[in-house]
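Scroll down for the structure; my scribbles are underneath it.
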Amino acid sequence: MQDPMHNRRHFLALVGAGAALLSVRCRADLPFSKPAANQLDAAKAPSDPASKSLAPAAALVKVKEKWTAEHLYEFLNALPNESLLSLKKALGLLNENANLNALQGKSKDVRDIQKQALWISSNILTYPFHDETVLNYHSLVMWVAKDIGVAPEIIANESTFVLERAAQKLLFAQVFVPTWDKLNVKEREDLLNKIDPKGQIKDKAAIAALSGSGALAALSTTVAFTGFAFYTTMSVTISTVAGFFGLTLPFAGYAGASSIIAFISGPVGWAVMGIGAVGGIALAGRANVKKTTDFIFRIHELKVAALSEAGIPEKEVFDQ
């Protein structure tokens, strides 16, 4: 029997993976929330900046709430330096080779992330008139979810966490179907074995014979798409398919998320997933939905990793 702690470490290493393959659209304005009185009070952050643990941030995930600017601010302040470094890389504030020495202190790093999140989600003409400290995070998630095609009733009613997960699952489905259809039967069976090493998914040979949409429908009813397991399934799928196409993803890409996000979001990722240049070209001065999606999925994955590391039961996270 495998050591449970080994399994958890393996999950946390994989949970950083995500996919963000979207077309870039114009957006002029985003809703903003009122400034919180304690917005700039970094002393409220419950975590030790020197710690590598994400667990202290778990209490701030608030899976049933719609996140305001204050929610995002407090969560960022609770993250360890490694996570802030990953976010700054994802946002293009630091290059992929940067290490912890590139950080400038918790208060400055958090503010830089807030500012860049506002920048990528704003029209250049309206950006100077907005304040990053009051950017309503939930409105960003609603925008991205609408672009991906999440059902309007989910967008209108669900919490930020649920909406993030719905967007990520739908986008993964949109990527999975054309990718599966490009694999031969043996590659499909190999992928299923990687996703399900314990053999909990039955009739893999039958699933391997299905089309992408049929395989997705069959897998969606299995443990591979429930709870925390979905994130591992997504990660394993991306890395395995990359291997089929002769592309190697560094293990560091899982641990820090930035490398695999950059991979799957860029031209190489589009080619692997068989969607061509679907991302299009970002128009100068326009809000960038793809980059905003990258950022939102990174935040979501950090939330999931924090909840897992803190030992929060799945039923408290996903059954709402």
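Where a number appears in this text, it was derived from the coordinates with a stated rule and is not lab data. Note that the coordinates shown come from a computational prediction; the quantities given were computed from them, not determined experimentally. Cβ sites come from the backbone with ideal geometry, for glycine too, and all protein chains shown count toward neighbours.
A few remarks follow.
- Whether the range 76-195 is rounded, prolate or oblate, judged on the alpha carbon gyration tensor where a/c under 1.5 counts as rounded: oblate
- Label zone of Gln200 (point 7 Å out along Cα→Cβ, amide N under 20 Å): in the range 289-320 this covers 304-320.
- Sorted ascending by nearby beta carbons within 10 Å, beginning with the fewest, Asp294, Asp190 become Asp190, Asp294.
- Residue exposure proxy: Lys106, Lys88, Lys202, ordered by other Cβ atoms within 10 angstrom of their Cβ from fewest to most, comes out as Lys202, Lys106, Lys88.
- Förster radius 25 Å - calculated FRET efficiency between Glu187 and Thr221, Cβ distance, rounded to 0.05: 0.65
- 20 Å Cα-Cα reach of Lys186 towards lysines, excluding residues that sit fewer than 8 places from it in its own chain: Lys194, Lys198, Lys202, Lys204
- Cα-Cα over 21 Å, subset of Lys146/Lys315; Lys106/Lys315; Lys89/Lys291; Lys115/Lys290; Lys52/Lys108; Lys88/Lys291: Lys146/Lys315; Lys106/Lys315
- Fewest-first sequence of Val61, Val134 by Cβ atoms within 10 Å of each Cβ: Val134, Val61
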